């Protein structure tokens with residue numbers, strides 16, 4: 001997984017929701033959605049608990065909460081970026 005990649009949570013109470021990867025460490029991935037998980041407070045997820053898509057956003061598309069929400073919404077409106 002890369003920074004900027006759109007992923008889906010497959011475990012936890014946020015399962016099924018899309019996120020953007022903003023940081024990557026050895027054992028964790030930090031994700032945001034711009035609403036419940038703002039850029040200032042990313043969610044730490046286990047890489048086993050997320051499913052990656054092929055779509056990757058540029059850094060300016062998730063620099064702010066508004067940009068992250070807009071980019072996720074636009075990407076999800078296209079059928080080619082569904083989970084998987």
Query raised in the report: Which of 33, 14 comes first, and how do the rest follow, when ranked by fewest Cβ neighbours within 10 Å?
Result: 14, 33
Requested in this report: Any chance you could run the full-extension gain for residue 28 through residue 73? It's 0.36 nm times the residue separation minus the Cα-Cα distance, nm to one decimal.
Outcome: 13.7 nm
Query raised in the report: Once the Cα gyration tensor of the chain is found, what semi-axes does its equivalent ellipsoid get, as square roots of 5 times the eigenvalues, in whole Å, sorted largest first?
Result: 17, 15, 12
Report summary line: Neighbour-count ranking for 57, 72 (other C-beta within 10 angstrom, fewest to most) reads 57, 72
Query - Top of 41, 13, 66 by mean-square fluctuation, Gaussian network on the chain, Cα under 10 Å - result: 13
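Bear in mind these aren't lab numbers, they're just calculated from the coordinates by the rules spelled out. From a predicted model like this one, the values you see are computed outputs, not experimental measurements. Every residue, glycine as well, gets a Cβ built from its backbone with ideal geometry; the counts of neighbours run over all protein chains shown.
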